[in-house]
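Just so it is clear, none of the values below were taken in a lab; they were calculated from the coordinates. In this text, all values refer to a predicted model and were calculated from it rather than measured experimentally. Note that each Cβ is placed from the backbone with ideal geometry, even for glycine, and that neighbours are counted across all protein chains shown.
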Amino acid sequence: MTASPRIALVTGANKGIGLEIARQLASEGIIVYIGARDPARGEAGASSLAAEGLAAKSLVLDVTDEASIVAAAAVLAATHDHLDILVNNAGIVDPADAPPGSASLDAVRRLMDTNFVGALGVTQAVLPLLRRAPAARIVNLSSSLGSLAVNSDPTSPYYSARLIGYNASKAALNMLTIQLAAELAGTGITVNSVSPGYVKTDLTGFNGYMTPEEGARLPVQYALQDEAPVTGRFLEPGAETPW
């Protein structure tokens, strides 16, 4: 009997680290859905992987739109009886974000809505499919800036990065990881926050020190973990990040 193919959903995957995560997962023989709010960009991303002989499909998914989330989950459920991997990659920065005393409240709301509420909504919508997989994996793309320990440590190189909206949204995403991992204990589903590093993408203004290919490796590692999988952890390249 032939084993059914593994299925993955990567949100915000039409470019940058998301597209590279999709590429690396598809290279392992996984059917990857590229979630993107812009249909044309999603199709372009999927086509670029298909041109490499990889199994990639586009999926219209705006993580800030509940109806879009529900519709995307319905497409997956109509096509597959399970989902093996969810990578909550979709995320934004906002030029109006700033220290607490001056940040735009509208910017903070946008950041929380995309970076945290969106990930929560997508996770809830596809959780029934994840529960049907033999051993599903959820990877939340976080950041060292979401660490309370890092934000409170004057010796940290990130201490001066006071972006209340972005940092708080990633701290909230980490809370999702902790609580969801506890909720799913014993199910075989793992949930981890992964901080890939400072990656050269449009999110960072292409100022990072890692390529998207390098930045995708850690999220992919925890999306594929097999033997003795870990869960409820906050991971960075070569180490764990303190909560």
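Do you know which of the residues in segment 144-179 that are hydroxyl-bearing (Ser, Thr, Tyr) and surrounded by fewer than 18 Cβ atoms within 10 Å (Cβ to Cβ) is farthest from TRP243 (Cα to Cα)?
Within segment 144-179, the match that is farthest from TRP243 (Cα to Cα) is SER160.
Residues checked against (1) under 16 Å from ASN167 (Cα atoms); (2) free of Cβ contacts under 8 Å to residues at least 40 places away in the same chain; (3) in a loop (DSSP other than H, G, I, E, B):
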position	(1), (2), (3)
ALA74	no, yes, no
ALA103	yes, no, yes
VAL117	yes, no, no
GLN124	no, yes, no
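Anything in segment 208-243 that is over 15 Å from ASN89 (Cβ atoms) and out of contact with any strand residue (DSSP E or B) (no Cβ under 9 Å at 6 or more places or on another chain)? List them, or say none.
Answer for segment 208-243, where residues must be over 15 Å from ASN89 (Cβ atoms) and out of contact with any strand residue (DSSP E or B) (no Cβ under 9 Å at 6 or more places or on another chain): ASP226, GLU227, ALA228, GLY238, ALA239.
Give segment 21-40 a look and list any residue that's under 14 Å from GLU52 (Cβ atoms) and either out of contact with any Lys or Arg (no Cβ under 9 Å at 6 or more places or on another chain) or part of a helix (DSSP H, G or I) (or both), or say none.
ALA22, ARG23, GLN24, LEU25, ALA26, SER27
Take segment 150-183 and flag every residue that is more than 19 Å from ASN115 (Cβ to Cβ), part of a helix (DSSP H, G or I) and either among the small types (Gly, Ala, Ser) or touching a residue at least 12 places away in the same chain (Cβ under 8 Å) (or both).
Once the filter is applied, which keeps residues that are more than 19 Å from ASN115 (Cβ to Cβ), part of a helix (DSSP H, G or I) and either among the small types (Gly, Ala, Ser) or touching a residue at least 12 places away in the same chain (Cβ under 8 Å) (or both), segment 150-183 yields only ALA182.
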